[in-house]
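The values are calculated or read from the model by the stated rules, or taken from the named source; none is laboratory data. Predicted model only: the values in this text are computed from it and were never measured. All Cβ positions, glycine included, derive from the backbone under ideal geometry; neighbour counts span all protein chains shown.
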């Protein structure tokens with residue numbers, strides 16, 4: 001019986017030693033999206049496209065307002081304080097007041113990615129350097145459909161955007177400093193999250 005126990009213990013130890021050290025060394029990100037599908041579909045496809053070089057990512061999706069999303073994310077990080085290396089919330093300005101959500105996020109060390117007015121502005125940047133302010137989120141979607149006529153926010157096709165990711169990153173960086181997007185219409189902080197997911201710049 002002792003020999004069997006020794007063999008089992010040795011098997012477990014060898015299994016741990018065989019784990020890929022490159023994979024284990026990559027950061028684990030928790031990305032909470034304030035929409036049921038759109039942002040997660042884009043980010044999951046981006047991650048899959050560059051999976052061999054990308055950070056590890058766990059997603060949380062919930063169609064709620066930014067403050068509620070940050071609260072839920074903060075509760076999760078309190079329950080699992082050592083599970084994640086970085087925690088991100090992805091939100092839109094749309095018609096929301098973000099001040100309370102941003103304050104709470106700072107208290108809990110949560111990075112907030114804001115698109116102003118909405119995530120579709122980030123998608124526009126894959127095609128053009130648009131600097132005109134948008135009155136509503138619907139106006140942003142109409143502008144995006146100039147480039148992607150079949151765009152459906154419930155079924156985002158990454159193939160429509162993958163060749164413009166590098167351009168979107170550079171254009172978004174020029175709009176404003178990260179963390180100031182809620183004050184600048186239009187703008188998007190998605191570039192910072194893309195760089196966190198792809199730490200070796202594989203998309204650029």
Original post:
Which residues, counting only those in the range 117-148, are free of Cβ contacts under 8 Å to residues at least 60 places away in the same chain, part of a loop (DSSP other than H, G, I, E, B) and farther than 23 Å from residue 49 by Cα?
Top reply: 118, 129, 130, 131, 132, 133, 134, 135, 136, 145, 146
Original post:
Which of (1) more than 24 Å from residue 70 (Cα to Cα); (2) crowded, with 19+ Cβ neighbours inside 10 Å; (3) at pLDDT 95 or above does residue 203 not meet, given it meets every other one?
Top reply: (3)
**OP:** Take the range 175-204 and flag every residue that is free of Cβ contacts under 8 Å to residues at least 12 places away in the same chain and more than 21 Å from residue 34 (Cβ to Cβ).
**Re:** 177, 201
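In the set 142, 192, 174, 146, which member is surrounded by 15 or more Cβ atoms within 10 Å (Cβ to Cβ) and modelled with pLDDT of 95 or more? It would help to see each step written out before you state the result.
Working: 142 fails: surrounded by 15 or more Cβ atoms within 10 Å (Cβ to Cβ); 174 fails: surrounded by 15 or more Cβ atoms within 10 Å (Cβ to Cβ); 146 fails: surrounded by 15 or more Cβ atoms within 10 Å (Cβ to Cβ).
Of 142, 192, 174, 146, the one residue that is surrounded by 15 or more Cβ atoms within 10 Å (Cβ to Cβ) and modelled with pLDDT of 95 or more is 192.
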Original post:
When you look at residue 159, is it within 20 Å of residue 45 (Cα to Cα) and touching a strand residue (DSSP E or B) at 6+ places or on another chain (Cβ under 9 Å), yes or no?
Top reply: no
Subject >> The lone exception for residue 119 - which of (1) crowded, with 20+ Cβ neighbours inside 10 Å; (2) over 24 Å from residue 56 (Cα atoms) it fails >> reply: (2)
